[in-house]
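As structure tokens, the structure follows; a few thoughts come after it.
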Amino acid sequence: MPSTPPLYAASVVFIYETLEGARGDAGFSAVGFIASVRSRIRPTHRYYYLVTNEHVVRESDRVAVRINAAVSFLCLEIPKGKFQTDKSLDLAIAALPDNQMTSFVSISEEASVTAENVNKLKIGYGTDVFMVSRIVRQGVRYLHKNIAVLRFGNIALPPMYEEPFYLVEMRSIAGHSGSPVLAYPTPFIFGTPRTKEEDFAPILLGINRGHLQETTEVLRNAGGNLSKHPALRSVTNMAISQVVPAWHIFKMLEGKKFKTQRRKTDAKMEAEAKMVDDEQVRELLTVPKGKKKSFKADGSVEISDMTDEEKALMRAMLAASEKSDTGP
């Protein structure tokens with residue numbers, strides 16, 4: 001497993017039962033992370049969303065979250081009604097208010113595994129992954145920052161057919177619900193080097209929803225006769241985590257409610273000047289012979305045939321330019 005930049009460990013949100021508990025690191029229940037969507041009006045502006053599991057918020061009227069800030073952390077309460085949930089996928093997402101004090105790391109769709117790029121990046125059986133979470137230790141409270149641990153593993157089974165989740169060889173325990181799971185490039189088993197198109201920085205694979213467990217009947221011996229105990233069962237953590245694919249998260253963020261919220265805010269913004277590189281400038285200035293290029297109010301470009309009058313004017317302008325270049 002590789003050495004990993006600390007920015008990934010700074011990305012998680014801690015979730016508590018109460019606001020007081022969030023401030024004093026008491027009553028910790030789960031983690032989450034922050035996804036972002038870019039504004040259509042201002043490319044530099046992003047909308048931020050808390051992502052966690054549906055089962056984390058299911059039984060509470062509200063949850064308290066603690067987000068790393070520039071100096072310490074920021075605590076806020078989110079009512080259950082603010083979450084959009086999907087019980088079958090075990091997802092819960094809520095919009096976060098803008099706050100310049102935060103220092104969190106957010107994840108956009110461009111930095112995630114999608115249904116379109118998963119095969120291109122060769123993500124599947126055996127791909128290396130790590131989960132960003134926390135360990136609860138008796139007598140230890142984190143009173144300055146959210147301090148996370150990274151746990152490493154490998155994909156045991158990609159989602160296919162009846163299996164909607166990734167199954168990952170990575171032990172999950174209570175409190176790891178909502179952890180972001182990221183994939184990173186893994187050497188091929190036959191030693192074939194990755195191409196440039198197959199290489200990538202760590203990207204979001206999905207969100208951890210918990211572990212698979214194996215239940216075994218407990219037998220009892222009564223006078224040499226073995227029988228199943230009527231009440232007891234042996235439950236074993238199989239060290240296999242279930243990970244909800246990232247593409248479900250961003251599909252939810254494109255749902256009607258979230259899109260409407262973004263459009264209302266976008267409508268109040270003034271559009272930013274769009275910066276273009278030299279290649280884009282050359283493309284904008286290039287016009288096929290006999291055509292004209294018009295820039296429309298919505299920012300799009302339209303190419304159409306020149307009229308005879310426009311062609312005559314263009315020839316006159318070129319002739320005048322050539323005369324100016326050669327002199328009298």
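What are the residues in region 84-107 that are assigned to a loop (DSSP other than H, G, I, E, B) and either at pLDDT 95 or above or not assigned by TED's automatic domain parsing to the domain that holds LYS256 (or both), if any?
Within region 84-107, the first condition is being assigned to a loop (DSSP other than H, G, I, E, B), and the residues that meet it are 87-90, 96-101, 103-105.
Scanning region 84-107 gives LYS87, SER88, LEU89, ASP90.
Across region 28-38, what is the total count of residues that are of a type in the set (S, T, N, Q) and either under 16 Å from the mean Cα position of the chain (by Cα) or buried (at least 22 other Cβ atoms within 10 Å of the Cβ) (or both)?
Looking only at that region, the number is 1.
Count, please, the residues in region 71-92 that happen to be acidic (Asp, Glu) and surrounded by 15 or more Cβ atoms within 10 Å (Cβ to Cβ). Walk me through it before giving the result.
Step one: list which residues in region 71-92 are acidic (Asp, Glu), which gives 77, 86, 90.
Next, only the ones that are surrounded by 15 or more Cβ atoms within 10 Å (Cβ to Cβ) stay: 86, 90.
Result for region 71-92: 2.
For region 21-36, indicate whether the set of residues that are free of Cβ contacts under 8 Å to residues at least 12 places away in the same chain and of a type outside the set (S, T, N, Q) is non-empty.
Yes; the residues of region 21-36 include at least one that is free of Cβ contacts under 8 Å to residues at least 12 places away in the same chain and of a type outside the set (S, T, N, Q).
Kindly provide the set of residues from region 230-265 that are at pLDDT below 95, of a type in the set (A, V, I, L, M, F, W, C) and within 21 Å of VAL168 (Cβ to Cβ), ordered by number.
Hits for region 230-265 are VAL235, MET238, ALA239, ILE240.
Looking only at residues that are assigned to a loop (DSSP other than H, G, I, E, B) and of a type outside the set (Gly, Ala, Ser) in region 67-83, which one is farthest from LEU182 (Cα to Cα)?
VAL71
Against the condition at pLDDT 95 or above, touching a Phe, Trp or Tyr at 6+ places or on another chain (Cβ under 6 Å), hydrophobic (A, V, I, L, M, F, W, C) and not in a loop (DSSP other than H, G, I, E, B), how does ALA22 come out, does it pass?
Details: at pLDDT 95 or above: yes; touching a Phe, Trp or Tyr at 6+ places or on another chain (Cβ under 6 Å): yes; hydrophobic (A, V, I, L, M, F, W, C): yes; not in a loop (DSSP other than H, G, I, E, B): yes.
For ALA22, the condition - at pLDDT 95 or above, touching a Phe, Trp or Tyr at 6+ places or on another chain (Cβ under 6 Å), hydrophobic (A, V, I, L, M, F, W, C) and not in a loop (DSSP other than H, G, I, E, B) - is met.
Within the group TYR16, TYR8, which residue is modelled with pLDDT under 95 and either closer than 30 Å to GLU169 by Cβ or not aromatic (Phe, Trp, Tyr) (or both)?
Matching residue, one of TYR16, TYR8: TYR8.
The values are calculated or read from the model by the stated rules, or taken from the named source; none is laboratory data. Just so it is clear, the model here is predicted, and its values are computed rather than measured. Note that each Cβ is placed from the backbone with ideal geometry, even for glycine, and that neighbours are counted across all protein chains shown.
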